[in-house]
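Enquirer: Below is one structure. I have some questions about it.
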Amino acid sequence: MREVSVQRLKDGDVLAKEIYSSNGKILLGKGVVLKSQFINRLRQLDMHGIYIEDDLTSDIIIEDVISDQHRFNAMSAIEKSCKTIQTGKNKEINIKEAVSNIVQDILFQKEIMISLMDMRNIDNRVYAHSVNVCVLSCVLGKGLGLPVDKLNDLAQGALLHDVGIVNLPSEILNKRGPLTNDEKEVYQNHTTEGYDIVRKKAQTSIIIAHMAYQHHEWTNGNGYPRKLKGASIHPLAEIVAVADFYDCLIHGSPGIPRVLPHVACEILMANAGVRFRHELIHIFLQHIAAYPTGYTVKLNNGETGVIVGQNKGLPTRPIVRVFDGKVNLSQVKVAEYNLVQERTLFIDYIIE
């Protein structure tokens, strides 16, 4: 399978991974042959890319670090929690089982390199973001050697970190260009709102509430809402901040336009010692594929290829399968370059 921009889809492309709604229902199933009405609907849903099958990459299987079932259970749990908050019902937030499953999935993995693109759409982007931040936070927490009880606290706080945005206007939530000063003030209130919501729930601790409160604080003191600095920021909130920022970069967020993963990695490195502690960025980037498996790239020698594998610890030097682009696929000459060994080869850019 390989990743293709929704804008480049054509009639006859075959879907390689299911596309889900926020409640876990399948919008389009694996193996569906895409027709123009399906492609138009995907564009209306504001999706950026999907995975399709083709003969050149049929052997490439891109796995998530958690099971599909656990991802969608978590998405359903955070959706129910947010809707409970929106309706004003004084019900408890029931997410412990969902986050425990995520923690166990991640602990089970020996070596984690996150490469799967999150195929979110306009109806589930808030919930998909929350689950992704939960997963990314747990991966970083595991890398830091946190014990299981701390990982479970971290996972709960990460899943709930953005509950304060549930009542924000949709025009702010869906905006990707710069926010006006008034919009920025409204948006930044979500940290305080989230803290107030979470701390009043009997099943959550004050530590979990502080992750909602502090995930936009910067290590240099220029964050919000309280301009905390360095050691004044709770360590678990620091982890959530890294995961949140990365996911906002690769999928877009209010005031933050979407960028490609390798650009997001560069931005994270530039923010080490500014927004985040150096140690957190160093460990986080060991588990992130700068050029995700399945992406199509152009090499500096002019050849086009698809990322088919990763080299752990060297996120900018993946394994690339190149082909000569002939129409008859049976005659296509295929070669693979391991960029760790091919030291004169570099990726010029990702083809979206």
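Enquirer: Amide H to amide H, which residues 5 or more places from residue 309 or on other chains are under 5 Å from it, using H placed in the peptide plane?
Expert: Answer set, sorted by chain and number: 319.
Enquirer: Take the alpha-carbon positions of the range 216-352, form their convex hull, and give its projected area averaged over all directions (one quarter of the hull surface) in nm². Kindly include the intermediate steps, with their values, before the conclusion.
Expert: Working: hull surface 38.4 nm².
Mean projected area for the range 216-352: 9.6 nm², to one decimal.
Enquirer: Additional query: Using alpha carbons only, what's the Rg to Rh ratio of the chain with Rh from Kirkwood?
Expert: Values: Rg = 20.4 Å, Rh = 21.0 Å.
Rg/Rh: 0.97.
Enquirer: As a test of the definition: which semi-axes, in Å, follow for the range 1-128 when you take the square root of five times each eigenvalue of its alpha carbon gyration tensor? Largest first, please. Please list the in-between numbers first.
Expert: Working: eigenvalues 167, 83, 19 Å².
Result for the range 1-128: semi-axes of 29, 20, 10 Å.
Enquirer: Would you grab the residues whose amide H sits under 5 Å from the one on residue 18? Only those 5+ places off in sequence or on another chain, please, with H modelled 1.01 Å from N.
Expert: Under 5 Å from the amide H of residue 18 lie the amide H atoms of 30, each far enough along the sequence or on another chain.
Enquirer: Turning to a different aspect of this structure: Using just the helices of the chain, give the 222 nm mean residue ellipticity in deg cm²/dmol: DSSP H runs with n ≥ 4 each add -39,500 (n - 2.57), and the total is spread over all residues, rounded to 500.
Expert: Numbers: 12 runs with 139 residues, N = 352.
Value at 222 nm, helices only, nearest 500: -12000 deg cm²/dmol.
Enquirer: Semi-axes, largest first, in whole Å: what does sqrt of 5 times each Cα gyration tensor eigenvalue give for the range 52-186? Don't skip to the end; give the middle numbers.
Expert: On the way: eigenvalues 149, 91, 43 Å².
Each semi-axis is √(5λ); the values are 27, 21, 15 Å.
Enquirer: DSSP H helices in the chain with Cα extent of 15 Å or more along the helix axis and mean Kyte-Doolittle hydropathy at least 0.5?
Expert: Working: long enough: 68-87 (28 Å, -0.81); 96-108 (18 Å, 0.55); 125-143 (27 Å, 0.87); 148-159 (16 Å, 0.07); 235-251 (25 Å, 1.12).
The answer, listed by residue number, is 96-108, 125-143, 235-251.
Enquirer: Per residue, how much accessible area does the range 1-49 have with a 1.4 Å probe, in Å²?
Expert: Per-residue value: 51 Å².
Enquirer: List the residues whose amide H sits under 5 Å from the amide H of residue 93, counting only those 5 or more places along or on another chain, with H placed 1.01 Å from N in the peptide plane.
Expert: 203
Enquirer: Now for a separate question. What figure in square angstrom, to the nearest 10, would you give for the accessible area of residue 185 with a 1.4 Å probe?
Expert: Per-residue accessible area (residue 185): approximately 120 Å².
Enquirer: Just to confirm, what accessible area per residue do you get for the range 162-281 at 1.4 Å probe, in whole Å²?
Expert: Working: 5170 Å² over 120 residues.
Each residue of the range 162-281 exposes 43 Å² on average to a 1.4 Å probe.
Enquirer: Suppose accessible area is computed on protein heavy atoms with a 1.4 Å probe; arrange 175, 184, 91 from highest to lowest. Don't jump to the answer; show the numbers that get you there.
Expert: Details: 175 55, 184 90, 91 110 Å².
Highest to lowest solvent-accessible surface, that is 91, 184, 175.
Enquirer: With the contact rule set at Cα under 8 Å and sequence spacing of 6 or more, what percent relative contact order holds for the chain? Show your work: numbers first, answer last.
Expert: Values: 646 pairs, mean separation 50.4, N = 352.
About 14 percent, as a whole number.
Enquirer: Round to a whole number: what % of the accessible area of the chain belongs to carbon and sulfur, probe 1.4 Å? It would help to have the intermediate numbers written out before the result.
Expert: Numbers: 7990 of 15860 Å².
Roughly 50 percent, rounded to a whole number.
Enquirer: Can you tell me which lysines have their Cα less than 17 Å from the Cα of residue 25? Leave out same-chain residues fewer than eight positions away.
Expert: 17, 80
The values are calculated or read from the model by the stated rules, or taken from the named source; none is laboratory data. Just so you know, these numbers come straight off a predicted model, no measurement behind them. Areas reflect the complete protein model, heavy atoms only, side chains present, ligands, DNA and RNA absent. Shrake-Rupley method; radii C 1.70, N 1.55, O 1.52, S 1.80 Å.
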